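Okay, structure first, notes after.
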Amino acid sequence: MLQEATVILKHFFYLALNYRPMEFSSKLLENAVAEMSQLPGIGKRTALRLVLHLLKQPEDQTTALSEALTMMRNEINFCKNCHNISDTALCEICANHNRNERLVCVVEDIRDVMAIENTSQFRGHYHVLGGKISPMDGIGPGDLTIHSLVEKVKSGTIDELIFALSSTMEGDTTNFYIFKQIEPYNILTTTIARGIAVGDELEYADEVTLGRSILNRIPFENSLKST
Ligand SMILES: [Zn+2]
């Protein structure tokens, strides 16, 4: 036991003695790397590789990238009806009169909208929550667009709500929370069939499985019995 502790301690001191922060010859380079490494899944070394790659590219290419990001940040809108990311006040899906606005599919974010749209199996509207309830990450119902969804249900403009969140604990918690909120208003609530493997993210599902899940949706109450 003592031997093990000594080995761990030695290892720790070895790491501490050999730790050197990345030293930059340019403050400008250091700033760019620091900003790049803020992105998810990008460590300092990957950030440095990306920044050096950008530096090798023609100047107008790097300028186009930074301008696209700035324009996206400044000008992007969220659809006032479904909260999806949009260039206009009402997104293309909500503005399309050929779609059934009384059938609403509840999803986490734009990636799920894109995944379901790719199946060409759904002609209703969406409601984008902007995340899932996750107490571990400090995300509560108030951080999502649940209130506006409940208001829509209350106003009687929805016949059926399809829960299409990922089959994870957070997804199920969110479904259940919304279900309890809208239960008094007696609308049909369904959930996509469990064709998607439990724990998988919706965006990674293949189109056939996802399309079938939408077509074979089941009443939400049934999903409670099977779990
Ligand atoms: Zn919309």
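For HIS127, the amide hydrogen comes within under 5 Å of the amide hydrogens of CYS105, VAL106, VAL107, counting only partners 5 or more places away or on other chains and with H modelled in the peptide plane. Amide H contacts of THR190: LEU161, ILE162, PHE163, PHE220, each under 5 Å away and 5 or more positions distant or on a separate chain (H built 1.01 Å from N in the peptide plane; Pro and chain starts excluded).
Taking every pair of alpha-carbon atoms in the chain, give the share separated by more than 31 Å as a whole percent.
Details: 10829 of 25651 pairs.
Roughly 42 percent, rounded to a whole number.
The phi-based Karplus calculation (6.51 cos²θ - 1.76 cosθ + 1.60; θ = phi - 60°) puts the 3J(HN,Hα) values of region 25-39 at 8, 9, 5, 4, 5, 4, 4, 4, 5, 4, 5, 5, 6, 6, 5 Hz, whole numbers, x for Gly and Pro. Relative to the first principal axis of the alpha-carbon coordinates of the chain, what is the inclination of helix 44-56, with its axis defined by its Cα atoms, in degrees from 0 to 90 and to the nearest 10? So the inclination is approximately 90 degrees. A Gaussian network model of the chain, with springs between Cα atoms under 10 Å, assigns the largest mean-square fluctuation among GLU183, GLU75, GLU59 to GLU59. Rounded to the nearest whole Hz, the Karplus-based 3J(HN,Hα) values (6.51 cos²θ - 1.76 cosθ + 1.60, θ = phi - 60°) of region 202-213 follow the sequence 4, 5, 8, 6, 6, 5, 5, 4, 5, x, 5, 4, with x at glycine and proline.
Across region 33-54, the residues whose backbone nitrogen lies under 18 Å from the label position 7 Å along the beta-carbon direction of GLU23 are 45. Counting Lys and Arg as +1 and Asp and Glu as -1 over every other residue whose Cβ lies under 9 Å from the Cβ of ILE158, the net charge comes to -1.
Summing Lys and Arg as +1 and Asp and Glu as -1 over all other residues whose Cβ lies under 12 Å from the Cβ of ALA47 gives a net charge of +1.
Between 0 and 90 degrees, the angle of helix 59-75 with respect to the longest Cα principal axis of the chain falls at about 40 degrees.
The chain: longest stretch without exposed trypsin sites (Lys or Arg not before Pro) (DSSP loop, at most 16 other Cβ within 10 Å), sites themselves excluded?
That gives 1-79 as the longest site-free run.
Quick check: net charge around VAL107, other residues with Cβ under 11 Å of its Cβ, Lys/Arg +1 and Asp/Glu -1? Please list the in-between numbers first.
Numbers: positive: ARG111, LYS132; negative: GLU108, ASP109, ASP112, GLU117, GLU203.
Net charge in that neighbourhood comes out at -3.
Helical content alone sets the calculated 222 nm signal of the chain at -14500 deg cm²/dmol, taking -39,500 (n - 2.57) per DSSP H segment of four or more residues and averaging over every residue. For THR168, the residues whose modelled amide H falls within less than 5 Å of its own, excluding neighbours fewer than 5 places apart on the same chain, are GLY199. Remark: the ALA89-SER134 segment gains 13.3 nm on full extension, using 0.36 nm per residue and subtracting the alpha carbon distance.
Quick one: of the DSSP bridges fully inside the chain, what percent are antiparallel, nearest 5?
Numbers: 5 of 18 bridges.
About 30 percent, rounded to the nearest 5.
Counting only pairs 8 or more places apart or on different chains, how many lysine pairs in the chain have C-alpha atoms closer than 17 Å? Provide the component values of the computation, followed by the final result.
Numbers: LYS27/LYS44; LYS80/LYS152; LYS132/LYS180; LYS152/LYS180; LYS154/LYS180; LYS180/LYS225.
Lysine pairs satisfying the spacing and distance rule in the chain number 6.
In the chain, the longest principal axis of the Cα atoms and the axis of helix 110-119 are about 60 degrees apart.
Values in this text are rule-based calculations from the coordinates and carry no lab data. The structure displayed is predicted, hence computed values, not measured ones. No Cβ is skipped: glycine too gets one built from the backbone with ideal geometry, and neighbour counts run over all protein chains shown.
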